[in-house]
Amino acid sequence: MTSDEAAAPGSGTAGKTGPLPFDTSKAHQARMYDYLLGGKDNYAADRVATEAVLNVYPEMAFAARANRAFLGRVIGYLAREAGVRQFLDIGTGIPTAGNTHQVAQAIAPESRVVYVDYDPIVLAHARALLTSSEAGATEYIDADLRDTDTILSQARQLLDFTKPVAVVLLAILHAIPDSDDPHAIVATLMDAVPSGSYLAISHGGSDLLAADTQQGILDAIRQTSQQQYSYRTHAQVARFFAGTDLVEPGLVPVEEWRPDPGNPSGHSPGWGAVGRKR
Ligand SMILES: C[S@@+](CC[C@H](N)C(=O)[O-])C[C@H]1O[C@@H](n2cnc3c(N)ncnc32)[C@H](O)[C@@H]1O
């Protein structure tokens, strides 16, 4: 599908907070991220907003690539070394190379993956996310992260919550303001999964950016998009991992988390970690 001709997606099983309106006149995170990654599923407003951010912080393009490379390494670690076979990936994004089910099922074909997003553009691509190895399965839930009841009740239809589940929240929690208590949301999700489950997070770091750069990025996003972002400090992101033991090397800039030789090099403003539930 090409960007400006993209068809209006159909309705889904949206959560009580409802899906985002299908308003292409305002930039949105999934499509801005797609543009940063060189994708085609974005609109003029998304490109204008992203260029405004790049104007303030040119490293944002590297940040997107580094986050995506982190996703590949995290899912690879979970499937290969931690032996996880069930994934709840919330904040799926527009499908691109190396989606969670592809990485996991290349290692363990029986892996089961439930995707969750609230952007109608991601829903329009759900079919691409629902391809699975024969042995495994994928499912897509159209819901807001804040609607944990909907997410958990629908995820239970594909995942066995008596066995370990990896809860994957990459580059999404900055879109949840403190007023919606993101720490309580993550705690609710982690309470629902058994000991030995995993939590993976990447999150824009307010202490990884100079104050004026951060303000410039947030202003550019506020002026051009439907969303406001809340970057958080190392300590605030670490709090999400309460009740887990962090896998080495702990909570670090995403590009420093178990890097592979082929990964892009540079400095990103994102904290990332994986924790194992006690
Ligand atoms: C930057 S993309 C990240 C995609 C993927 N997780 C990755 O790291 O490559 C963030 C995604 O989170 C979704 N998102 C943001 N806020 C959300 C919310 N409250 N509920 C569900 N999805 C949300 C956006 O629609 C977007 O698709």
(request) Would you be so kind as to identify which of Ala49, Thr213, Thr162 lies farthest towards the positive end of the dipole of the chain, taking Lys and Arg as +1 and Asp and Glu as -1 on Cβ and the Cα centre as origin? (result) Thr162
(message) Can you compute log10 of I(q)/I(0) for the chain with the Debye formula, treating each Cα as one identical point scatterer, at q = 0.12 Å⁻¹?
(response) -0.69
(request) Can you tell me the order of 260-270, 124-134 when each peptide is scored by its average per-residue count of other Cβ atoms within 10 angstrom, highest first? (result) 124-134, 260-270
(message) How far apart, in nanometres, would the label points at Ala44 and Thr233 be if each is projected 7 angstrom from Cα along the Cα-to-Cβ direction?
(response) 4.3 nm
(message) Rounded to the nearest percent, how much of the accessible area of the stretch 132-278 (1.4 Å probe, protein heavy atoms only) is carbon and sulfur?
(response) 48 percent
(message) Can you compute 3J(HN,Hα) from phi for each residue in the stretch 198-204, using the Karplus curve 6.51 cos²θ - 1.76 cosθ + 1.60 with θ = phi - 60°, rounded to whole Hz and x for Gly and Pro?
(response) 10, 10, 10, 9, 10, 7, x
(message) Using each residue's phi in the stretch 45-51, evaluate 6.51 cos²θ - 1.76 cosθ + 1.60 at θ = phi - 60° and report the 3J(HN,Hα) Karplus result to the nearest Hz, with x for Gly and Pro.
(response) 4, 5, 5, 4, 5, 5, 5
(message) Under 5 Å between amide hydrogens, which residues at least 5 positions from Leu170 or on another chain qualify, with H placed 1.01 Å from N in the peptide plane?
(response) Ile90, Ser202
(request) Check cross-link reach from Lys277 to the aspartates and glutamates: straight Cα distance under 19 Å, and skip same-chain residues fewer than eight apart. (result) Glu81, Asp89, Asp160, Asp191, Asp245, Glu248
(request) Using a 10 Å cut-off on Cβ atoms, rank the peptides 76-87, 110-121, 175-186 from the highest mean neighbour count down. (result) 110-121, 76-87, 175-186
(request) Quote to one decimal, in nm, the extra length available between Asp212 and Phe22 on full extension: 0.36 nm per residue of separation minus the C-alpha distance between them. (result) 65.2 nm
(message) Place a point 7 Å from Cα of Asp219 in the direction of its Cβ. Which residues in the stretch 35-73 have their backbone N less than 19 Å from it?
(response) 48-60
(request) Using label points projected 7 Å from each Cα along Cα→Cβ, tell me how many nm separate Ala106 and Asp245, to one decimal. (result) 3.0 nm
(request) Could you tell me what % of all Cα pairs in the stretch 139-278 have separations over 21 Å? (result) 47 percent
(request) Quick one: dipole size for the chain, taken about the Cα centre, charges +1 on Lys/Arg Cβ and -1 on Asp/Glu Cβ, in debye to the nearest 20. (result) 520 debye
(request) Express in whole angstrom the spacing between the alpha-carbon centres of the stretch 104-155 and the stretch 159-230. (result) 18 Å
(message) I'd like to check one number: the per residue accessible area of the chain, probe 1.4 Å, reported in Å² as a whole number.
(response) 42 Å²
(request) Pull up the cross-link candidates among the aspartates and glutamates for Lys40, meaning alpha carbon to alpha carbon under 13 Å and not fewer than 8 places away within one chain. (result) Asp4, Glu5
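The values are calculated or read from the model by the stated rules, or taken from the named source; none is laboratory data. No experiment lies behind these values; they were computed from the predicted model shown. Backbone-built Cβ (ideal geometry, glycine too); neighbour counts: all protein chains shown. Please note that ligands, DNA and RNA were not included when accessible areas were found on the heavy atoms of the full protein model with its side chains. Shrake-Rupley method; radii C 1.70, N 1.55, O 1.52, S 1.80 Å.
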